[in-house]
Amino acid sequence: MKPKWFTVENIPYGSMFPDDHHRYPLLITGKRFTGDFLFDKEGTLLDFSLLEREEL
């Protein structure tokens, strides 16, 4: 995979893993969080939970 930079407004979520759409916005804004993601054998995201954490 060849690295490529994108602006925040143009992140290609449709070409990324299904969980990225949920966790990247938290990463980009610098929020701390924990999460669980449930996938089926084909890689379809079935369920997830994200919990924002307090800053240190």
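The values are calculated or read from the model by the stated rules, or taken from the named source; none is laboratory data. Bear in mind the structure is a predicted one, so any value in this text is a computation, not a measurement. FYI the Cβ positions are ideal-geometry reconstructions off the backbone, even for glycines, and counts take in every protein chain you see.
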Worksheet item: Is one or more of the residues making up the range 29-41 aliphatic (A, V, I, L, M) and either at pLDDT 95 or above or over 11 Å from the mean Cα position of the chain (by Cα) (or both)?
Response: yes
Item to complete: Check 46, 51, 38, 27 and return the single one that is in a helix (DSSP H, G or I) and either out of contact with any helix residue (DSSP H, G or I) (no Cβ under 6 Å at 6 or more places or on another chain) or exposed (fewer than 10 other Cβ atoms within 10 Å of the Cβ) (or both).
Response: 27
Worksheet item: What about residue 3, is it on the phi < 0 side of the Ramachandran plot, surrounded by 11 or more Cβ atoms within 10 Å (Cβ to Cβ) and free of Cβ contacts under 8 Å to residues at least 12 places away in the same chain?
Response: no
